[in-house]
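Worksheet: one structure, shown below.
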Amino acid sequence: MVKSGDDASRPTFFKTCLKIMALKTNTKIRVLIVDDSALMRKKIKEILEQDPEIEVVAAARDGEESIQKARDTSPDVITMDVNMPRMDGITALQHILYENICPVVMLSSLTQDGATTTFEALELGAFDFVAKPGGTISLTLESVTRELIAKVKLAAKNGTMRKIRAHNNIIKQKQQLLSNPVKGKGYFAEATKAVAIGVSTGGPQTLSEIIPLLPPDLDAAVFLVQHLPANFTSSFANRLNQTAQMVFKEADAGDLVETGHGYVGKGGYHLLLRQVLGAPLRLRLATKPEHLFMPSVDVMMEAVLEVFGKKTVGVLLTGMGDDGAESMVKIKKAGGITIAESEESAIIYGMCGEAIARGGASIVAPAHRIAEEIVRAVKLL
């Protein structure tokens with residue numbers, strides 16, 4: 001503090017404060033790139049540094065080198081390849097998160113094996129992932145430029161690591177339940193109530209706190225849209241089903257809609273419903289309407305609302321943008337119950353934040369309380 005008698009020192013003091021503020025304002029997002037391919041390291045650096053707010057401060061050839069360079073350079077974000085010699089990306093990710101260095105964005109191949117490994121990374125605490133469109137050595141990486149830059153910038157936001165660690169701690173506390181799910185009986189009973197869940201960035205971790213806690217006798221069908229590439233949703237649905245008490249599957253055209261069952265939107269298609277008088281309710285997949293996301297949360301929620309009306313529970317969680325926000329407003333106006341994840345736990349306070357801002361949330365709760373809110377809402381319908 002500057003005392004009243006230190007008049008001479010005041011100009012210097014205030015100049016120093018202004019310099020510090022200017023430095024903080026102009027500080028770039030410092031990124032460490034980890035990839036065993038020199039070509040990929042070069043391409044990723046070129047892509048990221050197209051944005052004037054990003055600076056690549058170092059690069060590493062494998063997981064082992066990445067840990068040391070992360071300690072030395074203290075980056076804001078790390079982009080991490082999955083398959084590397086000496087130490088793979090999954091192992092390196094665990095070290096980096098254990099040491100609380102910074103958020104990690106995984107770069108994975110757009111394959112079935114790549115999907116399985118990616119979800120393992122996300123469940124361990126990776127912020128998000130970007131799929132290399134051309135495989136491990138991708139000559140068409142430029143096609144994901146906007147996605148990669150956006151996710152790196154989101155990962156660098158203040159509080160991201162705190163939220164990731166909080167999710168991980170809650171998941172570890174519930175590990176016994178997650179590893180020993182009691183499945184529902186699997187008998188057919190046509191659903192008369194619905195839970196429509198939408199989620200994007202940060203979804204796999206967040207859903208790990210919600211889906212395993214939904215009881216096998218939940219008196220509703222659950223429809224879930226997570227923004228993912230087309231060939232990732234099958235692996236995602238299988239992983240959800242491993243820890244869920246309910247039966248979860250990737251949605252297929254013609255599936256019967258059963259109470260106590262969950263349906264995951266298939267990548268590349270909208271998740272819709274087909275209702276024919278006198279016939280059981282079934283799922284329908286479509287490529288129309290055109291939308292930025294396939295599947296879209298808004299399109300799914302509106303299809304569910306059209307069939308189930310006021311017997312609908314809408315749930316919107318972490319994610320970029322506003323997909324689902326307007327449908328939450330419609331569900332609430334129709335007499336359904338809507339639940340939005342609170343800023344306290346949302347890794348990205350975008351989709352759920354928009355729903356709250358538009359008045360589309362009946363209930364606002366952190367991720368670890370959302371399962372109980374869903375159960376309570378279904379009973380109230």
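What follows draws every value from the coordinates through simple rules; no lab data is involved. These numbers were taken from a predicted model, which means no experiment stands behind them. Here the Cβ positions follow ideal geometry from the backbone for every residue, glycine too, while neighbour counts run over all protein chains shown.
If amide hydrogens are placed 1.01 Å from N in the peptide plane, which non-local residues have theirs closer than 5 Å to the one on F223? Residues meeting the criterion, in which the H sits 1.01 Å from N, are V195, A196, I197, Y263. Using the Karplus relation 6.51 cos²θ - 1.76 cosθ + 1.60 with θ = phi - 60°, the per-residue 3J(HN,Hα) values for the range 56-69 come to 7, 9, 6, 9, 9, 8, 7, x, 4, 5, 5, 5, 5, 5 Hz, with x marking Gly and Pro. In sequence order, the range 368-381 has phi-based couplings of 5, 10, 6, 4, 5, 5, 5, 4, 5, 5, 4, 5, 6, 5 Hz under the Karplus curve 6.51 cos²θ - 1.76 cosθ + 1.60, θ = phi - 60°, and Gly or Pro positions carry x. Modelled spin-label separation between K310 and A334, with each label point placed 7 Å from Cα along the Cα-to-Cβ direction: 1.3 nm.
For the range 185-380, what does the alpha-carbon gyration tensor say about shape, rounded, prolate or oblate, given a ≥ b ≥ c as the root eigenvalues, a/c under 1.5 as rounded, and a/b over b/c as prolate? Note, shape of the range 185-380 comes out rounded.
Quotient of the Cα radius of gyration of the range 26-157 and 2.2 N^0.38 Å, N being its number of residues: 0.92. For the range 286-347, just say rounded, prolate or oblate: build the C-alpha gyration tensor, square-root its eigenvalues into a ≥ b ≥ c, call rounded for a/c under 1.5, and beyond that prolate if a/b exceeds b/c, oblate if not. Here the range 286-347 falls in the oblate category.
Listed cross-link partners K45/K132; K163/K330; K311/K379 are compared with a 18 Å cut-off, the Cα-Cα value being larger for K163/K330. Couplings for the range 152-157, taken from phi via the Karplus curve 6.51 cos²θ - 1.76 cosθ + 1.60 with θ = phi - 60°, read 5, 5, 5, 4, 7, 5 Hz in order; Gly and Pro are left as x. Would you work out if the range 68-108 is rounded, prolate or oblate? Take a ≥ b ≥ c from the square roots of the eigenvalues of the alpha-carbon gyration tensor; rounded if a/c is under 1.5, else prolate when a/b is larger than b/c, oblate otherwise. Here the range 68-108 falls in the prolate category. Here the chain has an Rg and Dmax of 22.6, 89 Å, counting Cα atoms alone.
Placing a pseudo-label 7 Å from each Cα along the Cα-to-Cβ vector at A357 and T287 gives an inter-label distance of 3.4 nm.
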